[in-house]
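The values are calculated or read from the model by the stated rules, or taken from the named source; none is laboratory data. What you are looking at is a predicted structure, and each value in this text was computed from that prediction instead of being measured. Reconstructed Cβ throughout: ideal geometry from the backbone, glycine too, with neighbour counts over all protein chains shown.
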Amino acid sequence: MDVTRRQLVAGTAAAGLVPSIAVAQAALITKPIPSSGEHLPVIGVGTARRYEAAPTEAERQPLRETLRRFQQLGGRVIDTAPSYGDAENVVGGLIAELGIRQNLFVATKVGADNKAEGAAQIAESFKKLRTDKIDLFSVHNLRDTANQLSNLRDLKAAGRIRYVGATTSFDGQYADFEAMMRRETLDVIQVDYALDNRGSADRILPLAQERRMAVWVNLPFGRSRLFQATQGKPLPDWAAEIDCKTWAQVFLKYVVSHPAVTCAVPGMAQARYVDDNLGAARGRMPDAALRRRMEQFIDSL
Ligand SMILES: NC(=O)c1ccc[n+]([C@@H]2O[C@H](COP(=O)([O-])OP(=O)(O)OC[C@H]3O[C@@H](n4cnc5c(N)ncnc54)[C@H](OP(=O)(O)O)[C@@H]3O)[C@@H](O)[C@H]2O)c1
């Protein structure tokens, strides 16, 4: 059953979620970046792996269709990095071809070992992404954090970067990442979090709330681990209570219904995944009790 806009507003208000009107379909749910109040749809596109090389038109075509469909449905957030092979260039080229830069919120990262190397890499990112302004620039995996944050803050002050952040996806970095979060002022952090990988919820997600940092979630499917764990299994009855028609929507709604999480950036390189995954940015969200049942379900597999 479709939810009405009124039901959607009532059902999402408790989690601090705000529905917004999206193009061509029902509202995509958004959440704010605490430092500015700017709202972003809760599902974005991650570009590691599948966007890393696309030298032929046959390889670019499905990626172009993915981004076209994403933007058509009201999606905005694109996450990339210079370490994802040629992904910045592939994504930048497709966005320019499609003429959709102004509709998107483009995020990339810097991963370098000193200030000069970082500055050079950052300059390359602007070129490859074919844009004068990058919405979010993050320090990748705590590499040379102090120098790179200094580079990024200079660019933010100059108006070339809108938000500054930092990312990790390794448990082994969590203690250092927490210390960095306590020390630094950041707009956004990005961390791994998934129904079967909940370690960041112990300390990092609550700390982000305390420090008023937006949280972007990487690896929301644990790469494809969650699909393998549930392959061939029917959706539990409770999936209908949160308007989920697929496992992908179940996994993503678990992630984005955490009160600290602003958005998730699942890797998607097929238009059909866009339709599926953006379904997790519509309809009802799990409350705390249902989130617990979801955890018990996955832990029992
Ligand atoms: N430290 C960091 O900053 C860091 C680290 C890791 C990742 N990231 C970011 O996080 C993003 C996400 O990570 P990820 O792509 O490695 O892992 P992921 O999002 O957990 O999994 C993505 C994979 O799930 C499958 N998938 C996606 N949508 C699906 C759907 N609706 N139905 C069935 N299968 C679906 C696809 O597999 P197939 O393509 O095989 O079908 C896709 O490649 C990255 O792209 C990157 O932007 C950042």
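Only one of the listed residues (202, 276, 237) is closer than 25 Å to residue 51 by Cβ and charged (D, E, K, R). That residue is 276. When 265, 274 are checked against the criterion of being at pLDDT 95 or above and touching a strand residue (DSSP E or B) at 6+ places or on another chain (Cβ under 7 Å), 265 stands alone in meeting it. Candidates are the residues of the range 234-243 that are free of Cβ contacts under 8 Å to residues at least 24 places away in the same chain and surrounded by fewer than 17 Cβ atoms within 10 Å (Cβ to Cβ); the one that is nearest to the ligand (Cβ to nearest atom) is 235. Output the number of residues of the range 144-169 satisfying the condition of being over 12 Å from residue 204 (Cα atoms) and not in a helix (DSSP H, G or I). Matching residues across the range 144-169 total 10.
Restricting attention to the range 150-162, the residues that are surrounded by fewer than 23 Cβ atoms within 10 Å (Cβ to Cβ) and either at positive phi or within 15 Å of the ligand (Cβ to nearest atom) (or both) total 1. In this entry, residue 112 passes the filter for residues that are within 16 Å of the ligand (Cβ to nearest atom), part of a loop (DSSP other than H, G, I, E, B) and in contact (Cβ under 8 Å) with a residue 24 or more places away in the chain. Candidates in the range 206-217 are the residues that are outside any loop (DSSP other than H, G, I, E, B) and surrounded by fewer than 20 Cβ atoms within 10 Å (Cβ to Cβ); of these, the one that is nearest to the ligand (Cβ to nearest atom) is 207.
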